[in-house]
1. Out of curiosity, is Ala32 among the hydrophobic types (A, V, I, L, M, F, W, C), more than 30 Å from Ile93 (Cβ to Cβ), in contact with a helix residue (DSSP H, G or I) (Cβ under 8 Å, 6 or more places away or on another chain) and surrounded by fewer than 13 Cβ atoms within 10 Å (Cβ to Cβ)?
2. Against the condition in contact (Cβ under 8 Å) with a residue 12 or more places away in the chain, more than 16 Å from Gly12 (Cα to Cα) and touching a Ser or Thr at 6+ places or on another chain (Cβ under 8 Å), how does Val108 come out, does it pass?
3. Among the residues of region 108-126, what is the count of those that are open to solvent by 90 Å² or more (accessible area, probe 1.4 Å) and over 16 Å from Val29 (Cα atoms)?
4. Say whether the condition of being over 11 Å from the mean Cα position of the chain (by Cα), touching a residue at least 60 places away in the same chain (Cβ under 8 Å) and over 13 Å from Gly105 (Cβ atoms) is met by at least one residue in region 53-64.
5. Out of everything in region 55-96 that is of a type in the set (S, T, N, Q) and modelled with pLDDT of 80 or more, what residue ends up being most open to solvent (accessible area, probe 1.4 Å)?
6. Among the listed residues Arg120, Arg75, identify the single one that is more than 25 Å from Leu5 (Cβ to Cβ) and charged (D, E, K, R).
7. What is the residue count in region 70-105 for residues that are aliphatic (A, V, I, L, M) and within 16 Å of Gln10 (Cβ to Cβ)?
Amino acid sequence: MQPLLRVFAQGGILMLPMVLITLVLAGIVLRALWHLYVRGGSNAGAIQSCLDSLLFWGGFAVVIGVLGSAIGYHRVINAVIARGILNPRALWIGTAEGMVSTIAGLLVLMAAGAAWYLLRWQHLRNHHPVR
């Protein structure tokens, strides 16, 4: 658990919206599952809305991640400007930390894309059964 918190802290302030987006995505998946299995897939509009939302919020997570990386790189560049040439190891550590939010955004998009694919497959299977 401790390494996970350390990585989260390295991602910067934009990791908080990343967590919120992940929670929103979990809610969307639950809503889609509710419509598919509890309600029998009868509300195609609600299911399509869930599918569209998955792609939107997954893509938005990547945008937030890239923005977090840009902020991290800006901080590293400012440190180099303020202190002159740093130890190259310190520079690469800062650069690696700048990638944390982008990696997190890509992982969120990957999970949202997988959920989208599986839910869409189930939705289409319910509406067009193979005979």
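1. Working: among the hydrophobic types (A, V, I, L, M, F, W, C): yes; more than 30 Å from Ile93 (Cβ to Cβ): yes; in contact with a helix residue (DSSP H, G or I) (Cβ under 8 Å, 6 or more places away or on another chain): yes; surrounded by fewer than 13 Cβ atoms within 10 Å (Cβ to Cβ): no.
So Ala32 fails the test.
2. Working: in contact (Cβ under 8 Å) with a residue 12 or more places away in the chain: yes; more than 16 Å from Gly12 (Cα to Cα): yes; touching a Ser or Thr at 6+ places or on another chain (Cβ under 8 Å): yes.
Yes, satisfied.
3. Taking region 108-126 first, the residues open to solvent by 90 Å² or more (accessible area, probe 1.4 Å) are 110, 117-118, 120-121, 125.
Checking which are over 16 Å from Val29 (Cα atoms) leaves us with 125.
Qualifying residue count, region 108-126: 1.
4. Taking region 53-64 as the starting set, the residues that turn out to be over 11 Å from the mean Cα position of the chain (by Cα) are 53.
Now narrow it down to the ones that are touching a residue at least 60 places away in the same chain (Cβ under 8 Å): none.
Checked against the condition, which is being over 11 Å from the mean Cα position of the chain (by Cα), touching a residue at least 60 places away in the same chain (Cβ under 8 Å) and over 13 Å from Gly105 (Cβ atoms), region 53-64 yields no hits at all.
5. Taking region 55-96 first, the residues of a type in the set (S, T, N, Q) are 69, 78, 87, 95.
Keeping just the survivors that are modelled with pLDDT of 80 or more gives 69, 78.
Working: Ser69: 6, Asn78: 72 Å².
Checking each candidate, the answer is Asn78.
6. Working: Arg75 fails: more than 25 Å from Leu5 (Cβ to Cβ).
When all the criteria are applied, what remains is Arg120.
7. Start the filter on region 70-105 by keeping residues that are aliphatic (A, V, I, L, M), which leaves 70-71, 76-77, 79-82, 85-86, 90-91, 93, 96, 99-100, 103-104.
Remaining after also requiring within 16 Å of Gln10 (Cβ to Cβ): 70-71, 76, 79, 90-91, 93, 96, 99-100, 103-104.
Going through region 70-105 one residue at a time, the tally reaches 12.
The values are calculated or read from the model by the stated rules, or taken from the named source; none is laboratory data. The structure presented is a predicted model; accordingly, all values stated were derived computationally and were not measured. Note that we place each Cβ from the backbone using ideal geometry, even for glycine, and neighbour counts take in every protein chain shown. Accessible surface areas use protein heavy atoms only, side chains included; no ligands, DNA or RNA. Shrake-Rupley method; radii C 1.70, N 1.55, O 1.52, S 1.80 Å.
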